[in-house]
1. Read phi for every residue in region 182-188 and hand back ³J(HN,Hα) as whole Hz from Karplus 6.51 cos²θ - 1.76 cosθ + 1.60, θ = phi - 60°, with x for Gly and Pro.
2. Please express the Cα-Cα pair-distance distribution P(r) of the chain as a list of whole percents, one per 5 Å bin, running from 0 to the bin with the greatest distance.
3. In terms of Cα to Cα distance under 16 Å, which lysines are near enough to Lys191, apart from those fewer than 8 places away along the same chain?
4. Taking R0 as 41 Å, what's the FRET efficiency between Ile89 and Asp178 from their Cβ-Cβ distance, rounded to 0.05?
5. Which residues' amide hydrogens lie under 5 Å from the amide hydrogen of Ile150, considering only partners 5 or more residues apart or on another chain, with H built in the peptide plane?
6. In region 61-110, which trypsin sites (Lys or Arg not before Pro) fall in coil by DSSP and have 14 or fewer other Cβ atoms within 10 Å?
7. In Å², and per residue, what accessible area does the chain have when probed at 1.4 Å with the other protein chains present?
8. How large a share of the accessible area of the chain, in percent, is made up of carbon and sulfur atoms when the probe is 1.4 Å and the other protein chains stay in place?
Amino acid sequence: MNLKLLGAAIRIIPKRMQGRALVKALNYILTSQPINLVNNTKLRVAINDLNREWWFVFENEKFSFLPNSPANGMSNDLAVSMSADIETILLLKDDEAIKCFINKEKLIFDGAQKDDFIGMLKGIPQNKIDELIERGYGFLKLKRPPRLDINSVSITDVRTPKDVEFLRDEAIRLENDDLKKALALMEIAFKARPEGPLIRRKVKEYRAKVSSLR
């Protein structure tokens, strides 16, 4: 993804619209990951290198968007901040990445209740992460980049069921044009999901066809 293009897309959309989209995302997370925040807690979300921030308030077990920054900002005892640069945000594709960037402090948190918020983020189910990513690109009217780079992917890059399905589908797409590449991708999918009947059948089929070409 071109970071300049993404940055431009974020800047073009009015901040109020962005805030409404973000608050929907936060409350969507809460449907499976309740958070033990004190009522009237303020939440700041920021993208540091774009100099953008949004504020929310937690009341009655849900977040609401605040169009204006609170007068006392982070000096309020009931405030939590989460910030990162745009490149880090783009890499938040699964729970392992979220935990990794929290541990490496590339996702930066501040405030007395930050541990409660970190706990919520670490527990987001993968299906919700995938849905949030799709919604985000849809909101920005940008095409989501491929899940994995098929020219350099290895088994260590495969972390979720969606990754396996992506490799399987890419292999099938390539089977009539680049059989060796299709086999390489399906072999990785097979290592990640050896019990998959379609993947197992396709690996066997591709191996036989590649052998016959030698």
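1. With the stated coefficients, region 182-188 comes to 4, 5, 4, 5, 5, 4, 5 Hz.
2. Here the calculated profile for the chain is 1, 6, 13, 16, 16, 13, 10, 8, 7, 5, 3, 2, 1, 0, 0.
3. Reachable lysines: Lys162, Lys181, Lys202, Lys204.
4. Efficiency at R0 = 41 Å is approximately 0.80.
5. Answer set, sorted by chain and number: none.
6. Counting only loop positions with at most 14 other Cβ atoms within 10 Å, the trypsin sites (Lys or Arg not before Pro) in region 61-110 are Lys104.
7. Dividing the accessible area of the chain by its residue count gives 57 Å².
8. 51 percent
The values are calculated or read from the model by the stated rules, or taken from the named source; none is laboratory data. None of the values given here were measured: they were computed from a predicted structure. Note: ideal-geometry Cβ built from the backbone for every residue, glycine included; neighbour counts use all protein chains shown. Side chains are part of the model used for accessible areas, which takes the heavy atoms of the whole protein and leaves out ligands, DNA and RNA. Shrake-Rupley method; radii C 1.70, N 1.55, O 1.52, S 1.80 Å.
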